[in-house]
Amino acid sequence: MAGIDAVLFDFSGVLTTSPWAGIAATAGGDLEMVVGPYHQDTDHPWHRLERGEITIEEWLPATVALFEAAGREFDPAPLYELFATLKVHDDVVVHIGVLREEGYKTGLITNNVRESSDAWRSLIPVDDLFDVVVDSSAVGMRKPNPAIYLHALEQLGVAPQRAVFLDDAEGNLAGARRAGLHTVLVEDPPAAALAELDALLGRAQPAG
């Protein structure tokens, strides 16, 4: 599609493998108990943590209380090693580099936790890949709130209809569409999403 100036990416599940299975394992497979309804932006403890409203130390007892109310136990230990289990999608990293060389503006919009900033940033060369990095815990907003996408685009100086966003969560893509962006759903492996992105951009060949 002609007229796309900026390409924005989610972090985990797009630049890396997905953390969802690892997170769900802490709750016996019940992901929503830990992270809340991820297609919404609510006052669930995980959502508050990602907005930077509470610390990890405050999040833990709040989450334990949710499990206790359901008659269940919660062991958060695997979460603290989560980033060590993620694998970088090298083809996505290469693709972003080529897009930048071709003149596209690039951005990262991640729902993340303040205390894990050093861990996830150590996995990829963030400053080399992106013109703008928006961490939910730093800006007090999280996907799928349309405001976080508009915040990133304001920093890039790009109108929503001239931008595309890639994420592995359909709820986050719905939020981006409400903000006026084009979207691409990323699955594992991400090759099909990269091809869809290239088609949207009108690029003849995939990068890499």
Selected residue (criterion: surrounded by the most Cβ atoms within 10 Å (Cβ to Cβ)) from residues of region 51-68 that are in a helix (DSSP H, G or I) and in contact (Cβ under 8 Å) with a residue 24 or more places away in the chain: Thr63
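Conditions (1) at pLDDT 95 or above; (2) within 13 Å of the chain's Cα centre (by Cα); (3) buried (at least 16 other Cβ atoms within 10 Å of the Cβ), marked per residue:
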position	(1), (2), (3)
Glu81	no, no, no
Thr85	no, no, no
Val93	yes, no, yes
Ser137	yes, yes, yes
Lys143	yes, yes, yes
Glu170	yes, yes, no
Asp188	no, no, no
Hits in region 5-21 - residues which are surrounded by 20 or more Cβ atoms within 10 Å (Cβ to Cβ) and β-branched (Val, Ile, Thr): Val7, Val14, Thr16
Which numbered condition Leu99 fails, given (1) modelled with pLDDT of 95 or more; (2) under 18 Å from the mean Cα position of the chain (by Cα): (2)
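This table checks each residue for (1) farther than 20 Å from Leu166 by Cα; (2) open to solvent by 40 Å² or more (accessible area, probe 1.4 Å); (3) not in a loop (DSSP other than H, G, I, E, B).
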residue	(1), (2), (3)
Ile23	yes, no, yes
Gly28	yes, yes, no
Asp41	no, yes, no
Arg48	yes, yes, yes
Test result for Leu79, closer than 23 Å to Leu173 by Cα and touching a residue at least 40 places away in the same chain (Cβ under 8 Å): no
Which numbered condition Arg177 misses (of (1) open to solvent by less than 50 Å² (accessible area, probe 1.4 Å); (2) in contact with a strand residue (DSSP E or B) (Cβ under 6 Å, 6 or more places away or on another chain)): (1)
Those residues of region 1-21 which are of a type outside the set (Ser, Thr, Tyr) and either more than 16 Å from the chain's Cα centre (by Cα) or in a strand (DSSP E or B) (or both), in sequence order: Met1, Ala2, Gly3, Ile4, Asp5, Ala6, Val7, Leu8, Phe9
Count - residues of region 124-148 that are assigned to a loop (DSSP other than H, G, I, E, B), touching a helix residue (DSSP H, G or I) at 6+ places or on another chain (Cβ under 7 Å) and within 17 Å of Thr42 (Cα to Cα): 5
In region 151-168, the residues that are surrounded by fewer than 16 Cβ atoms within 10 Å (Cβ to Cβ) and hydrophobic (A, V, I, L, M, F, W, C): Ala159
Close pairs from region 118-139: first over 16 Å from His89 (Cβ atoms), partner modelled with pLDDT of 95 or more and open to solvent by 50 Å² or more (accessible area, probe 1.4 Å), Cβ under 6 Å, at least 6 apart: Asp131/Lys105; Val132/Gln155; Ser137/Arg114
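The values are calculated or read from the model by the stated rules, or taken from the named source; none is laboratory data. From a predicted model like this one, the values you see are computed outputs, not experimental measurements. Cβ coordinates were reconstructed from backbone atoms using ideal geometry, including for glycine residues, and neighbour counts include every protein chain displayed. These area figures cover heavy atoms from the full protein model, side chains too; ligands, DNA and RNA do not enter into them. Shrake-Rupley method; radii C 1.70, N 1.55, O 1.52, S 1.80 Å.
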